1. Here is a check on your reading of the model: is Val230 of a type in the set (Val, Ile, Thr) and either touching an Asp or Glu at 6+ places or on another chain (Cβ under 7 Å) or within 14 Å of Ile94 (Cα to Cα) (or both)?
2. Here are Glu288, Glu236, Glu302: which of them is at pLDDT 95 or above and in the same structural domain as Leu186 (by TED's automatic domain parsing)?
3. Which of the residues that make up region 113-163 are within 27 Å of the chain's Cα centre (by Cα) and over 22 Å from Ile227 (Cα atoms)?
4. Part of a strand (DSSP E or B) and either assigned by TED's automatic domain parsing to the domain that holds Glu64 or polar (S, T, N, Q) (or both): is that true of Phe265 in this structure?
5. If you go through region 248-259 one residue at a time, do you hit one that is in contact with a helix residue (DSSP H, G or I) (Cβ under 7 Å, 6 or more places away or on another chain), of a type in the set (D, E, K, R) and not in a helix (DSSP H, G or I)?
6. Residue by residue through region 187-197, note down the ones that are touching a helix residue (DSSP H, G or I) at 6+ places or on another chain (Cβ under 6 Å) and either over 23 Å from Tyr134 (Cα atoms) or in a loop (DSSP other than H, G, I, E, B) (or both).
7. Out of all the residues in region 198-222, which are touching a helix residue (DSSP H, G or I) at 6+ places or on another chain (Cβ under 8 Å) and assigned to a helix (DSSP H, G or I)?
8. What number of residues within region 61-75 satisfy the criterion of being surrounded by fewer than 16 Cβ atoms within 10 Å (Cβ to Cβ) and in contact with a Gly (Cβ under 8 Å, 6 or more places away or on another chain)?
Amino acid sequence: MKPSSTKRIRLSLVAGAGALGMLALSACGAAETGKSGGSDEVTITVPSWVGAQANAEVAKVILEEELDVKKVNLKTMDEPIAWDALNSGEADAILEDWDGQPEKQKLYIDQKKSVVKGGDLGVTGHIGWFVPKYYADAHPEVLDYKTINKVAKDFKSSESEGKGEFLGAAPSYTTYDEWLIKNHKLDFKIKETGAEAAQIKEIQQKYKNKEPFITYWWEPQWLNADIELVEVKLPEFTEGCNEPKEKTECGYANTPLQKYFNADFAKKGGDAVEFLKNFKWTNEQQNEVSKWIAKDKMSGEEAAKKWVKENKETWEAWLPKK
């Protein structure tokens, strides 16, 4: 969905054109701090995948209802734009970063010191190539990049130019699939799905029809509870193996997802900052809220309020200690 770099790449049923969200931002949208160091208004960036929306919606409900923050703005934008917004002060927090912007991290954290680390979200992200178990059981050679060309013909489509069709990620996700295919001479052509929602719809249809498919996919992801996928073995990830990306021959890393804050907000945001630092939940908890939004068609606010109501013992531990 990092990509070190995996970036999740992942994205979404959440909506939105990230760039437009960024254009709508202004400096007044970032945290407004009072003399006591507390925040009256907090702006959280939301990447375009539903798991990131789940984080932000739950944080918004608790900040407004338990910590008396007057207004929490959720701004949908792609990761590169979100990092620029943190740097400029037009946004206060990223709650789920997949380590897909190493150059911006170095510039804003190490050099300009305009962005600071906010701690571990508690969720571990992983990206990879996946196929349905019903196909892998019948064709085990699909499960290793060294032998996958033997069955590439099974994935052909009318648009794949005689090669196997590979379902690609949304364009804003960090991926190395183009280079993995090229550098390992794999007989596949990437189909651009355009958005997470479109990718999910195609996967669901193919799965229902028991058709073979291979796709870029990730965890956490709510759909994994409804379908059974098996991961294709790619060369093991090692630090720096995808730098530069054109030389990539390795697979994706397991990535503990991180939070980041605008440096001024981190200093002056008071209880809001402490709460966001403490915000830490599991893959399963995020998937639960994501499913309510994406599959059950609840609004983000409805899903967040439902989770907050049912999990008081969990989120009370995130509140600032008095």
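1. Values: of a type in the set (Val, Ile, Thr): yes; either touching an Asp or Glu at 6+ places or on another chain (Cβ under 7 Å) or within 14 Å of Ile94 (Cα to Cα) (or both): no.
Against the criterion (of a type in the set (Val, Ile, Thr) and either touching an Asp or Glu at 6+ places or on another chain (Cβ under 7 Å) or within 14 Å of Ile94 (Cα to Cα) (or both)), Val230 does not qualify.
2. Values: Glu288 fails: in the same structural domain as Leu186 (by TED's automatic domain parsing); Glu302 fails: in the same structural domain as Leu186 (by TED's automatic domain parsing).
Answer to the selection: Glu236.
3. Lys113, Ser114, Val115, Val116, Lys117, Gly118, Gly119, Asp120, Leu121, Gly122, Tyr145, listed by residue number.
4. Working: part of a strand (DSSP E or B): no; either assigned by TED's automatic domain parsing to the domain that holds Glu64 or polar (S, T, N, Q) (or both): yes.
When the stated conditions are applied, Phe265 does not pass them.
5. Our first condition is that a residue be in contact with a helix residue (DSSP H, G or I) (Cβ under 7 Å, 6 or more places away or on another chain); within region 248-259, this holds for 248-249, 259.
Keeping just the survivors that are of a type in the set (D, E, K, R) gives 249, 259.
Subsequent filtering for residues that are not in a helix (DSSP H, G or I) retains 249, 259.
For region 248-259, residues in contact with a helix residue (DSSP H, G or I) (Cβ under 7 Å, 6 or more places away or on another chain), of a type in the set (D, E, K, R) and not in a helix (DSSP H, G or I): present.
6. Asp187, Thr193
7. Ile200, Ile203, Gln204, Trp222
8. Of the residues in that region, 0 qualify.
The values are calculated or read from the model by the stated rules, or taken from the named source; none is laboratory data. Note that the structure is a prediction, hence the values are computed from the model and not measured. Don't worry about glycine lacking a Cβ; one is built from the backbone with ideal geometry, like all the others, and counts go over all protein chains shown.
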